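Undergrad: Have a look at this one.
All of the numbers you see were taken from the coordinates with simple rules; none came from a lab. What you are looking at is a predicted structure, and each value in this text was computed from that prediction instead of being measured. Here Cβ is always computed from backbone atoms with ideal geometry, including for glycine, and neighbour counts include all displayed protein chains.
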């Protein structure tokens with residue numbers, strides 16, 4: 001397996017990258033209240049934005065994994081750079097906070113080891129050289145059902161020698177129903 005790193009996804013790979021992204025994250029459309037899946041035009045904007053580093057993993061010529069991460073938090077829609085600047089002003093000013101926009105791998109045998117390889121590559125290339133921190137947005141389904149925060153902590157602990165996670169925030173959604181008598 002090879003992991004290719006791009007500041008901008010080359011035009012000849014954009015359709016393949018989009019199809020991989022769309023298929024990989026399709027389930028999140030119905031598992032999370034907040035939209036976690038980019039529309040095609042948003043994906044194309046991200047693919048062409050040099051502030052967001054893209055990692056594309058290939059095995060046997062096929063795309064088997066993809067991730068996007070940035071230390072420029074203004075490049076990431078729907079997060080608050082002010083939140084990070086207020087809590088970690090030095091890290092923020094020094095671009096040492098890395099926000100992982102997404103990380104996805106091919107399901108099944110073709111994706112074996114890809115999730116670990118992508119995290120390892122991101123850590124070694126971007127986070128470790130500046131003694132940075134990494135932030136990942138995980139919906140409650142991936143937290144509760146897949147235990148993703150703990151999986152990532154375990155992988156990063158092995159990759160980095162030690163890693164400790166901390167919940168930064170959470171959001172809940174509430175539905176109010178009304179009886180026919182009202």
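Undergrad: Any residue that is more than 27 Å from residue 29 (Cβ to Cβ), in a helix (DSSP H, G or I) and within 16 Å of the chain's Cα centre (by Cα) - is there at least one of those in segment 102-122?
TA: Among the residues of segment 102-122, at least one is more than 27 Å from residue 29 (Cβ to Cβ), in a helix (DSSP H, G or I) and within 16 Å of the chain's Cα centre (by Cα), which makes the answer yes.
Undergrad: While we're on this one: List pairs: first in segment 156-182 and under 30 Å from residue 131 (Cβ atoms), second surrounded by fewer than 10 Cβ atoms within 10 Å (Cβ to Cβ), Cβ under 9 Å, 6+ apart or cross-chain?
TA: Close Cβ pairs (under 9 Å, with a partner that is surrounded by fewer than 10 Cβ atoms within 10 Å (Cβ to Cβ)) amount to 156/162; 157/164.
Undergrad: If the requirement is being touching a residue at least 12 places away in the same chain (Cβ under 8 Å) and more than 19 Å from residue 142 (Cα to Cα), which of these qualifies: 104, 48, 61, 113?
TA: Selected residue: 48, the only one of 104, 48, 61, 113 that is touching a residue at least 12 places away in the same chain (Cβ under 8 Å) and more than 19 Å from residue 142 (Cα to Cα).
Conditions (1) in contact with a strand residue (DSSP E or B) (Cβ under 9 Å, 6 or more places away or on another chain); (2) surrounded by 19 or more Cβ atoms within 10 Å (Cβ to Cβ); (3) part of a helix (DSSP H, G or I), marked per residue:
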| site | (1), (2), (3) |
| --- | --- |
| 5 | yes, no, no |
| 15 | no, no, yes |
| 33 | no, no, no |
| 44 | no, no, yes |
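Undergrad: Does segment 107-119 contain at least one residue that is surrounded by fewer than 20 Cβ atoms within 10 Å (Cβ to Cβ), touching a helix residue (DSSP H, G or I) at 6+ places or on another chain (Cβ under 7 Å) and more than 23 Å from residue 168 (Cβ to Cβ)?
TA: yes
Undergrad: Hey, residue 63 hits all of (1) in a helix (DSSP H, G or I); (2) in contact with a helix residue (DSSP H, G or I) (Cβ under 9 Å, 6 or more places away or on another chain) but one; which does it fall short on?
TA: (1)
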